[in-house]
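I have placed the structure first, in the form of structure tokens, so that the comments after it can refer back to it.
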Amino acid sequence: HAVVFVGEISYEELTSKNYYSMGDVFVSSSTWDTQGLSVVEAMASKLSIVAFNFRAMPEVIGRGGILVKHLDQYGFAKAMGKLAGSAKLRAELGKQALLQSKKYQINIHLKRLLKLYSELITDLART
């Protein structure tokens with residue numbers, strides 16, 4: 001296993017070359033990410049995740065990775081090592097990650113949003 005630092009890349013390059021699929025694990029040590037878009041993108045590429053159990057990460061990741069106590073550097077390193085050492089665990093969590101990522105597909109959110117707007121319009125028409 002190796003860590004590869006690719007430097008700064010554009011979003012277009014990230015998606016066109018599918019950098020996510022080149023990895024075995026996606027590690028997010030962010031303490032500021034409130035929505036986890038990069039995590040969802042990695043999950044959609046069937047990558048297992050290591051992240052801090054913080055803000056939206058538990059909801060976003062679900063059963064698709066290992067959540068570590070916020071700012072626990074030792075626990076974080078241990079979780080990375082656990083995934084690096086087990087192809088079976090990576091595959092199991094990767095399958096769960098892919099399933100979890102489907103909850104964030106744009107068409108699902110658009111349907112929910114349209115339903116909400118429809119309900120609001122109906123409620124306003126009644127008043």
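Numbers at a glance
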{"quantity": "Close pairs (7 angstrom Cβ cut-off, 6 or more residues apart or separate chains): modelled with pLDDT of 95 or more and in a helix (DSSP H, G or I) in segment 80-99, open to solvent by 70 Å² or more (accessible area, probe 1.4 Å) and small (Gly, Ala, Ser) anywhere", "calculated": "none"}
{"quantity": "Every pair of residues 6+ apart whose Cβ atoms lie under 9 Å, when the first sits in segment 24-51 and is closer than 20 Å to Lys88 by Cα while the second is among the acidic types (Asp, Glu)", "calculated": "Phe26/Glu41; Leu47/Asp24; Ser48/Asp24; Ser48/Glu92; Ala51/Asp33"}
{"quantity": "Candidates Gly81, Gly75 - the one that is out of contact with any Ser or Thr (no Cβ under 9 Å at 6 or more places or on another chain), of a type outside the set (Asp, Glu) and open to solvent by 30 Å² or more (accessible area, probe 1.4 Å)", "calculated": "Gly81"}
{"quantity": "Of the criteria (1) under 18 Å from Val3 (Cβ atoms); (2) hydrophobic (A, V, I, L, M, F, W, C); (3) open to solvent by 70 Å² or more (accessible area, probe 1.4 Å), which one Leu37 fails", "calculated": "(1)"}
{"quantity": "Checklist (1) in contact with a helix residue (DSSP H, G or I) (Cβ under 9 Å, 6 or more places away or on another chain); (2) assigned to a helix (DSSP H, G or I); (3) farther than 23 Å from Phe5 by Cα; (4) not β-branched (Val, Ile, Thr) applied to Asp123, failing item", "calculated": "(1)"}
{"quantity": "Residue within segment 44-62 that is closer than 19 Å to Val3 by Cα, surrounded by fewer than 20 Cβ atoms within 10 Å (Cβ to Cβ), out of contact with any His (no Cβ under 8 Å at 6 or more places or on another chain) and at pLDDT below 95 present", "calculated": "yes"}
{"quantity": "Segment 36-79 - residue that is small (Gly, Ala, Ser) and touching a Gly at 6+ places or on another chain (Cβ under 7 Å) and, of those, farthest from Phe26 (Cα to Cα)", "calculated": "Ala56"}
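The values are calculated or read from the model by the stated rules, or taken from the named source; none is laboratory data. Quick caveat, the model's predicted, so the values are computed rather than measured. FYI the Cβ positions are ideal-geometry reconstructions off the backbone, even for glycines, and counts take in every protein chain you see. We work out accessible area using only protein heavy atoms, side chains counted, and drop any ligands, DNA or RNA first. Shrake-Rupley method; radii C 1.70, N 1.55, O 1.52, S 1.80 Å.
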